[in-house]
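Okay, so here's the structure we're looking at.
The values are calculated or read from the model by the stated rules, or taken from the named source; none is laboratory data. The model shown is predicted, which means the values in this text are computed figures rather than measured ones. Positions of Cβ are backbone-derived with ideal geometry, glycine not excepted, and every protein chain shown enters the neighbour counts. Just the protein is used for accessible areas: all its heavy atoms, side chains included, with ligands, DNA and RNA removed. Shrake-Rupley method; radii C 1.70, N 1.55, O 1.52, S 1.80 Å.
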Amino acid sequence: NIEVICFDDASTDNTAYILKQIAKTDSRLKVIFKSKNEGLAVARNEALELARGKYICFVDGDDLMDKNLFEKAYTLAEQTNCNMVLWDYLTFWDEYEIKSKKLELSSLVSISDKDKVALLERPAFTWIKLIKTETIRNLRIQFPKGLTKQDIPVHWELIIKIDRIAILPERLSYYRQQPNATS
């Protein structure tokens, strides 16, 4: 029971074709094709408007995640009745690195969900959060257009304004490193 909203932000490769093929066979996938590249902030803000699920999570197209990520995050969110779940990530250049890096102890093990300073000091990535859709809308969170690292102000706002945060101390998102990335 999941809704997947994909934004093809005027890609110049085979992305549009691949998304169309998948959408033909999977009704959970909603694809938005942009004629002009408008960037991550615009796509994320539009996704916030379109999302119909109880929770929302943002994923970048070049990264990977553990196959059980959403099940684990959703289960924790429901068990704790929190407004946001945070998990850890690892960085990789080649996919063969993931298996061993996954086993490294997460730094989230030693952080309390009540320690706002420690949470603010964490990396600001949006894709390490499952957020209650109603909460992010009620807070009127918007990703600032034109910023390369638009995750940072959103991260700060979420950490400061959300009271019920749950910690999932596992490395479940896999951040691909590449020389031409926007970061």
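Couple of notes before you dig in:
- In the chain, the calculated helix contribution to ellipticity at 222 nm averages -9500 deg cm²/dmol per residue, counting -39,500 (n - 2.57) for every DSSP H run with n ≥ 4.
- Of 81, 92, 128, farthest towards positive along the dipole that unit charges on Lys, Arg, Asp, Glu beta carbons give the chain: 81
- Spin-label model distance (nm) - residue 18 vs residue 100, 7 Å beyond Cα toward Cβ: 2.7
- Sparse packing (at most 14 other Cβ atoms within 10 Å of the Cβ) combined with a DSSP loop state is found for the following trypsin sites (Lys or Arg not before Pro) in segment 1-64: 28, 36, 52, 54.
- Stretching residue 160 away from residue 140 to a fully extended chain increases their span by 5.8 nm, per 0.36 nm per residue minus the current alpha-carbon distance.
- Projected area averaged over orientations for the chain, convex hull of C-alpha atoms, nm²: 10.8
- Filter on 101/161; 34/67; 36/145 - keep pairs with C-alpha separation over 22 Å: 101/161; 34/67
- Carbon and sulfur %, accessible surface of segment 1-122 computed with the full protein complex present, 1.4 Å: 52
- Calculated FRET efficiency for the pair residue 177/residue 4, C-beta based, R₀ 22 Å, to 0.05: 0.35
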